[in-house]
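The values are calculated or read from the model by the stated rules, or taken from the named source; none is laboratory data. Only a predicted model underlies this, so the values are computations on that prediction, with no experimental measurement involved. Backbone-built Cβ (ideal geometry, glycine too); neighbour counts: all protein chains shown.
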Amino acid sequence: MTKLIGQRAIASLLSLLALLVLVFFLSRLTGDPTSLFLPIDASQEMRDQFRALHGLDDPLLVQFGRYVWDLIHFDLGDSIRKARPAIDVVLEAYAWTLPLALVTMSLVVAAAIVIGSLAAFHVGGFFDRFASVVSLIGASAPDFWIAIVAIVIFSINLGWLPTSGVGTPWHWILPVAVLFIRPFGLIVQVVRGSMLAALSSLYVKTARAKGVKEGKIIFIHALRNAMLPVITVIGDQAAAMLNGAVVVETIFGFPGIGKLMIDSILQRDFNVVLAAIMVTAIAIFLMNLLIDIAYSLLDPRIRH
């Protein structure tokens, strides 16, 4: 287990460094932020002072060297837009994204495992066909379209829910519901397929021959052996939410990491973009590490 964690840590560190280098230089191609933060009639002297204040007047390689040096000392720089440490701005956004992702994925996993397992148990029946159609539609429908339709129906036409913001629990219903649909559809399909293989195995037939109750066969005997591919999909979907539900957060005005990334890219707030990507990459690494540990717990052969 220790060797596995060490290998994953080294591979993730190298990937993180490559990603930061790529994003650093690509972000500079978007242009000079001076024109965004200073008035149109600003003098050349004011522009030069602004560029010098934020280290934008140095050659690109010098800026990169300074960034690497600061990064070694755990300094991710300041946000140009908010004049605060970039890491503080990013962590504040994650404080909104993490609860959103946690609530959504908890509901998704619980509902998808139950419905996918029951669909596999009743394969070919009405429940199976209905669950398959609903899950396929959910997995295929684009998030932005669902979000817009949800706002039109439930906020504008019916007036039941607010269109944006985070002031009350009612503001969370539409973002959670929209984020729920796609991963739910994907995971139901994977659970159903994996459970079909598990329910047709010899140990399940033996359990039935011994008179074990069907509920115990489905959710204890078969489900554990069917969980390996399911965990992979759950991990991918959870990582996507940690990466920030960019479209959903932007449409609903949710102040999470996805909206922060979009705003920072448009406003050329380079330090915030780099800090957000670094924190996100670390979160995804930890998520993948948890998936590997879960694999080894479910299947002892993987430990060896």
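Checking Ser106, Ser15 one by one, the residue that is modelled with pLDDT under 85 and loosely packed, with under 14 Cβ neighbours inside 10 Å is Ser15 and no other. With respect to the conditions (1) in contact with a Pro (Cβ under 9 Å, 6 or more places away or on another chain); (2) outside any helix (DSSP H, G or I), Ala93 lacks only one, and its number is (2). Cβ-Cβ contacts under 6 Å between residues 6 or more apart (or on different chains), taken from a first residue in the stretch 135-146 that is within 16 Å of Arg192 (Cβ to Cβ) to a second residue that is modelled with pLDDT of 85 or more and of a type in the set (A, V, I, L, M, F, W, C), are listed as Ser135/Val188; Gly138/Ile181; Gly138/Phe184; Ala139/Leu186.
Here Ser194 clears all of (1) under 30 Å from His171 (Cβ atoms); (2) surrounded by 20 or more Cβ atoms within 10 Å (Cβ to Cβ) except the condition numbered (1). Return the residues of the stretch 138-167 that are over 17 Å from Gly256 (Cβ atoms) and part of a loop (DSSP other than H, G, I, E, B); say none if nothing qualifies. Those that are over 17 Å from Gly256 (Cβ atoms) and part of a loop (DSSP other than H, G, I, E, B): Ala141, Pro142, Leu158, Gly159, Trp160, Leu161.
Within the option set Leu4, Leu26, Leu36, being within 16 Å of Asn271 (Cα to Cα), outside any loop (DSSP other than H, G, I, E, B) and at pLDDT below 75 holds for one residue only, Leu36. Tell me, yes or no, whether the stretch 111-125 has at least one residue that is exposed (fewer than 14 other Cβ atoms within 10 Å of the Cβ) and among the hydrophobic types (A, V, I, L, M, F, W, C). No; the residues of the stretch 111-125 include none that is exposed (fewer than 14 other Cβ atoms within 10 Å of the Cβ) and among the hydrophobic types (A, V, I, L, M, F, W, C). When the stretch 207-221 is examined, which residues are found to be surrounded by 12 or more Cβ atoms within 10 Å (Cβ to Cβ) and free of Cβ contacts under 8 Å to residues at least 40 places away in the same chain? Residues satisfying the conditions are Ala207, Arg208, Val212, Ile217, Ile220, His221.
When Arg51 is tested against (1) more than 20 Å from Phe270 (Cα to Cα); (2) of a type outside the set (Phe, Trp, Tyr); (3) modelled with pLDDT of 75 or more, only condition (1) is not met. Of all residues in the stretch 60-71, none that is at positive phi has its Cβ atom under 9 Å from the Cβ atom of a residue that is of a type in the set (A, V, I, L, M, F, W, C) and in a helix (DSSP H, G or I), 6 or more apart or on another chain.
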